[in-house]
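Before any comments, here is the structure.
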Amino acid sequence: MSQRDLGQNGREQWATKIGFMLAAMGSAVGLGNIWRFSYVAGENGGAAFLLIYIAMILLIGIPIMLAEFSIGRRAQSDAVGSFETLAPKKPWVVAGFLGVASAFIILSFYGVIAGWTMKYFTGYLTGGLWSEPGEGYVDYFVNFITSPLQPLLWQFIFMALTVGIVFVGVKKGIEKANVILMPTLAILLIILAGYSLTLGGASEGLAFLFSPDWSVLAEPGIYLAALGQAFFSLSLGMGALITYGSYLSKKEQLPGATAGIATMDTLFAVIAGIMIFPAVFAFGGEPSDGVGLVFFTLPNIFESMPGGVIVGLAFFFLLAAAALSSAISLLEVAVAYFIRKFGWTRKKTALIIGGLIFLLGVPSSLGQGLLSDISIIGGRDILDSLDFIASNIFLPLGGLMIALFAGWGWKKAEVLEASNFGSSTLGAIWLFLLKFVAPVAILLVFLASIGIL
């Protein structure tokens, strides 16, 4: 690695601010926006969920995202090292360890699902999915994920791509990959959404997404789902934003970059809904089909469409590429920590940690077939149990500690200076949200998610 790739403290840095923003967007924009958002919105009433989701982004998501960027850039260290630098020998460092643990757990099962998307993309590329398989789309998917070896092969291929990009470095690997991936994803998503609006179900799909059914607001689960989606979608609490912030020059202004990243992330989710729901309604699908929405409802719809092969190919490329951009950030959280902790080279660390995460994901893959009789938490299979631990426990607790640290544990003058707000009205509002609104909301939703409320 040349000296040009390093900052004054010898730490790698982004080449440009736009490179940082695209990388942070890449972390945020993933399966959570395109696949997870669509089925979670479908399960929670569509438009009403969207409004609550946007409120969660504004009141909780953006404040915590800015806090994470501020922590990382001020400390110029990884998720754990940042808290050790800013608050030495204090319990705030637990938030950093939760982030690293979350990255391990989430990427382990994320790699499994991302492997499924790569399998389908290849199926459209080679012609295997140009028409309905002999056993039908449902059995095709079930037979694939319950196979002991096929899903592991695709998981390995996906993890190898992820490791390869992180292996190269921050500027030449992560930044360069996202500079290519994110504009490509945006263009593809807009084209597919525009095509979807020409279908017969456009009015129903748009009504589902933008005409609220206010009665669902009485359901407590919708608030839990919206906050959980905001955390998952924006990559909050998992250390990725602290890590990415640590590679940012101190001359860049954080508030505008944070707002821009969150806005684009939310737009990706909304446009994904515009892409998916009109097609679902046009061809008699169910918006709440969950996993099946992507892997057998949509392929069935694509086959019925004019030019459906091209649409299917573009859609699964979109999913796989979005998954890759997020996986890169998750792996970088763990890699950055172990580079500092053990003094390993980036190449060695990427290979070792990537390999360990792949192995950790094997039970999640086998849990769909050979190990399907194993349940860990509340009857959930291995993959869903790991998702529950990370998404419902580790991420909210990590986000809660980050909000409390920035709001209460960090000196007011220092946190305002680190965030670039200074003694402004916006800075005061941001601190109020971090001190009172975000912690209370996260705590209530966390208690609800583990069954206490």
message: Give me the dipole magnitude in Debye, nearest 20, for the chain about the Cα centre, with unit charges on the beta carbon: positive for Lys and Arg, negative for Asp and Glu.
response: 2180
query: What's the FRET efficiency of E204 with L125 using the Cβ-Cβ distance as r and R₀ = 45 Å, to the nearest 0.05?
result: 0.90
field: Rg in Å to one decimal, and Dmax rounded to a whole Å, for the stretch 334-421 via C-alpha atoms
entry: 18.7, 56
- request: Per DSSP H run of at least 4 residues, take -39500 (n - 2.57); add these up for the chain, divide by its residues and hand me the 222 nm value, nearest 500 deg cm²/dmol.
  value: -21500 deg cm²/dmol
query: Which of the trypsin sites (Lys or Arg not before Pro) found in the stretch 399-453 are in a DSSP loop and have at most 13 neighbouring Cβ atoms, other than their own, within 10 Å?
result: K411
field: Where labels lie 7 Å past Cα in the beta-carbon direction, separation of T425 and L447 in nm
entry: 3.4
field: Where labels lie 7 Å past Cα in the beta-carbon direction, separation of A259 and K172 in nm
entry: 3.7
query: Can you give the extra length, in nm with one decimal, that the chain gains between R340 and W408 once fully stretched, where that is 0.36 nm per residue apart less the Cα-Cα distance?
result: 21.7 nm
message: Among G308, G273, N420, which residue has its Cα furthest toward the positive end of the charge dipole of the chain, with +1 on Lys/Arg Cβ and -1 on Asp/Glu Cβ?
response: N420
- line: Output row, site E417, 7 Å Cα→C-beta label point, backbone N cut-off 19 Å, window the stretch 67-89, residues 67-77, 82-88
- prompt: Seen from all sides and averaged, what is the projected area of the convex hull of the Cα atoms in the stretch 11-134, in nm²?
  reply: 11.6
message: Given Cβ point charges of +1 (Lys, Arg) and -1 (Asp, Glu) and nothing else, what value in debye, to the nearest 20, does the dipole of the stretch 130-283 about its Cα centre take?
response: 900
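What's the FRET efficiency of T146 with I393 using the Cβ-Cβ distance as r and R₀ = 35 Å, to the nearest 0.05? Could you put the intermediate results ahead of the total?
On the way: r = 28 Å, r/R0 = 0.80.
Efficiency at R0 = 35 Å is approximately 0.80.
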Probe 1.4 Å, protein heavy atoms only - accessible area per residue of the chain in square angstrom: 37
field: Of K176/K348; K172/K412; K251/K412, pairs whose Cα-Cα distance is over 27 Å
entry: K172/K412
task: Please identify which residues in the stretch 232-272 have an amide N closer than 17 Å to a label point set 7 Å out from the Cα of L356, following the Cα→Cβ vector.
output: 239-240
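Computed over the Cα atoms, what is the radius of gyration of the stretch 95-218 divided by 2.2 N^0.38 Å, N being its residue count?
Numbers: Rg = 19.2 Å, N = 124, 2.2 N^0.38 = 13.7 Å.
For the stretch 95-218, the normalised Cα radius of gyration is 1.40.
How much of the accessible area of the chain, in percent, comes from carbon and sulfur atoms when a 1.4 Å probe is used? Mind showing how you got there, number by number?
Values: 11360 of 16930 Å².
Here carbon and sulfur together make up 67 percent of the probe-accessible area.
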- prompt: Which of these values of Cα extents along the principal axes in Å was calculated from the structure shown: (i) 83, 58, 44; (ii) 62, 50, 41; (iii) 88, 60, 46?
  reply: (ii)
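Want the number for F97 to E286: 0.36 nm per residue separation, take away the alpha-carbon distance, what's left? Walk me through the numbers before you get to the answer.
On the way: separation 189, 0.36 × 189 = 68.04 nm, distance 3.96 nm.
Length difference between fully extended and current span is 64.1 nm.
The values are calculated or read from the model by the stated rules, or taken from the named source; none is laboratory data. Remember, predicted model here, so these are calculated numbers, not experimental data. FYI the Cβ positions are ideal-geometry reconstructions off the backbone, even for glycines, and counts take in every protein chain you see. Heavy atoms of the whole protein, side chains included, go into the accessibility calculation; ligands, DNA and RNA do not. Shrake-Rupley method; radii C 1.70, N 1.55, O 1.52, S 1.80 Å.
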